[in-house]
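Nothing in this text is a laboratory measurement; each read-out follows from the coordinates by a stated rule. On a predicted model such as this, the values are computed, not experimentally measured, just so you know. Ideal geometry is used to build each Cβ from the backbone, glycine not excepted, and the neighbour counts take in all protein chains shown.
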Amino acid sequence: MKVDIRQITAEPRVFHLKESAEELDIAVEGAKFPYSIEADFTGTMSGDEIICQVDIRTEAEVECSRCLELFNLPIESRLQYVVQMLDPVPETTDDDDDFEIIPKAQAELDISQRVRESIILAIPIKPLCSDDCKGLCPMCGANLNEGLCGCVPDKSDERWDVLKKLFDNQID
Ligand SMILES: [Zn+2]
Ligand SMILES: [Zn+2]
C-alpha cells in the first residue's frame, strides 16, 4: 500500500487504498480475510513533515472461542503518525509508532507495515461472537445460543462430596 508523496499538499488529501490480505502478507492463525483491506490515508504536508492518518476497515472470519461458530468480525482502526523528510536520515532514529524519518528524495510512502500490524493486533486471542455468547453445553456439546438442550447439571456428582469433605476437614 503506497501513497505518492508528490500528491500530498498543505491541504489534507485523502487517498483510498485497497488490497487483499494476501497482497499485504497478513496471516493470523485461526482468521481468514475474505474481504479486501481498505485504508483511507489522509496526508497533510506541513513544512518537511507529513501528518498522516490512516483509517482501516475490513472484516475477518474467525471462530468464536466459546461456541466454535464462525463469524465475521468487523475491524476498524485509526492510525495517526508523523513522517519527517530529512537528509541525511540519521543512522539511529527514534522511529516509533508515532514518528518515522524518510529521505527527502523518497517518492512513495509505504503504509503496508503499519496496516498489517494494526490488523494483526485487532484480532483478539479469544474471539467472541457476542459478549453474551452462551457457549456449548459441557455435557452434550449443544450450542446453547440456539436454545436449551435439556441437560440437567448432575448435582450429586460424588467428586464434589470428596472436595467438600476435604474442605470441611481443613476448617476443623
Ligand atoms: Zn459464540
Ligand atoms: Zn446439553
Fill in the blank from the handout: If amide H atoms are modeled at 1.01 Å from N in the peptide plane, then the residues at a separation of 5 or more from residue 18, or on another chain, having amide H under 5 Å from its own are 39
Completion exercise
Expressed in nanometres to one decimal, the distance between label points 7 Å along Cα→Cβ at residue 120 and residue 68 is 2.9 nm
Problem - Convex hull volume of the chain per residue (C-alpha atoms, cubic angstrom) - result: 200 Å³
Exercise for the section: Classify the range 39-83 as rounded, prolate or oblate, taking a ≥ b ≥ c as the square roots of the eigenvalues of its Cα gyration tensor: rounded when a/c is under 1.5, otherwise prolate if a/b is larger than b/c and oblate if not. Expected result: prolate
Practice task
Pairs of lysines 8 or more apart, or on different chains, with alpha carbons under 17 Å: count those in the range 2-133, would you?
Solution key: 4
